[in-house]
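Enquirer: The structure's right below; bear with me while I get my questions together.
The values are calculated or read from the model by the stated rules, or taken from the named source; none is laboratory data. All values reported here derive from a predicted model rather than from experimental measurement. Here the Cβ positions follow ideal geometry from the backbone for every residue, glycine too, while neighbour counts run over all protein chains shown. Side chains are part of the model used for accessible areas, which takes the heavy atoms of the whole protein and leaves out ligands, DNA and RNA. Shrake-Rupley method; radii C 1.70, N 1.55, O 1.52, S 1.80 Å.
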Amino acid sequence: MNKRRSQKERSAETSGRLMSSTIDLLHEQGLTRTTTSDIAQHAGVSRGALTHHFASREAIISASVAEMLSKTARDLHRFAEDFMARGGSSDEIVDYIWQMMDDRLFYVTMEFLPEARHNPDFRAELIPTTREFHAGLDAIWTALAARAGTDPNHTRTVMNATMCLVRGMISQTVLRPNDPVYYESLLQFWKGQVRQHFPIKPAKAAKSATAPDHAASARRKSP
């Protein structure tokens, strides 16, 4: 017999569905086109249930973005731990950053950043989570520096430049979505540049399960 879920568990499940639906809609139709009615319908709950958990549209968007960034930060820390345990290469980190940003994160970020720029309360709510996200990135940079025996500050500079490159590449996919050779060539070029700063041999293990298929990801539809 299945154990009956508590009210707290049911409430957490509903909140999770609502936040997941919010991110889905921010990605699919943008912030300005997403209403609380849309979110409730997508999550399969009543609008009253939504307002019970989140007092306003701004509140659910803020909570949803914070949860998305927190999950990404947790994944970053896990990747850093795995990287150190396996003895990975800088190529794997470039691959991981591309996959991470390409997996909706960048597109959703493009939706909420303008709002954060003009809405100080919304911005203030997201700053702590953004710091957590950057701490996760720093864990990867630190792991790479330890693996390569390089200066951590120099490592952060090189890898933050990688983040900027990847952001720029993914922004191009909005109007250039079906050109996998173009993106793959840029990534391969940049891997070669990064490798010069971290001359360590790739791990002997099989290709990491986290490494993306660039050709497939570059073909996905823009939001």
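Enquirer: Mind checking whether some residue in the stretch 135-145 is closer than 16 Å to I23 by Cβ, open to solvent by 20 Å² or more (accessible area, probe 1.4 Å) and assigned to a helix (DSSP H, G or I)?
Expert: No, because not a single residue in the stretch 135-145 is closer than 16 Å to I23 by Cβ, open to solvent by 20 Å² or more (accessible area, probe 1.4 Å) and assigned to a helix (DSSP H, G or I).
Enquirer: Is there a residue being open to solvent by 70 Å² or more (accessible area, probe 1.4 Å) and outside any helix (DSSP H, G or I) anywhere in the stretch 151-158?
Expert: Within the stretch 151-158 (the criterion being open to solvent by 70 Å² or more (accessible area, probe 1.4 Å) and outside any helix (DSSP H, G or I)), the answer is yes, since at least one residue qualifies.
Enquirer: Okay, next question. State whether one or more residues within the stretch 41-62 are touching a residue at least 40 places away in the same chain (Cβ under 8 Å), part of a helix (DSSP H, G or I), charged (D, E, K, R) and closer than 24 Å to F122 by Cα.
Expert: Yes, that holds for at least one residue.
Enquirer: All but one of (1) surrounded by fewer than 18 Cβ atoms within 10 Å (Cβ to Cβ); (2) under 19 Å from the mean Cα position of the chain (by Cα); (3) within 21 Å of L113 (Cα to Cα) hold for L25; which doesn't?
Expert: The failed condition is (1).
Enquirer: Next question, about the same structure. Hey, E125 hits all of (1) of a type in the set (D, E, K, R); (2) crowded, with 17+ Cβ neighbours inside 10 Å; (3) more than 26 Å from F54 (Cβ to Cβ); (4) at pLDDT below 90 but one; which does it fall short on?
Expert: Every condition holds for E125 apart from (3).
Enquirer: Moving to a separate point now. So, in the stretch 76-109, how many residues would count as being open to solvent by less than 40 Å² (accessible area, probe 1.4 Å) and assigned to a helix (DSSP H, G or I)?
Expert: Residues that pass the stated criteria total 21.
Enquirer: Does T109 meet the test of being hydroxyl-bearing (S, T, Y), more than 13 Å from the chain's Cα centre (by Cα) and at pLDDT 90 or above?
Expert: Taking the combined requirement at face value, the residue does not satisfy it.
Enquirer: Hey, could you check the stretch 161-200 for residues that are within 23 Å of H27 (Cβ to Cβ) and of a type in the set (S, T, N, Q) and say which is most open to solvent (accessible area, probe 1.4 Å)?
Expert: Checked the stretch 161-200; the qualifying residue most open to solvent (accessible area, probe 1.4 Å) is N178.
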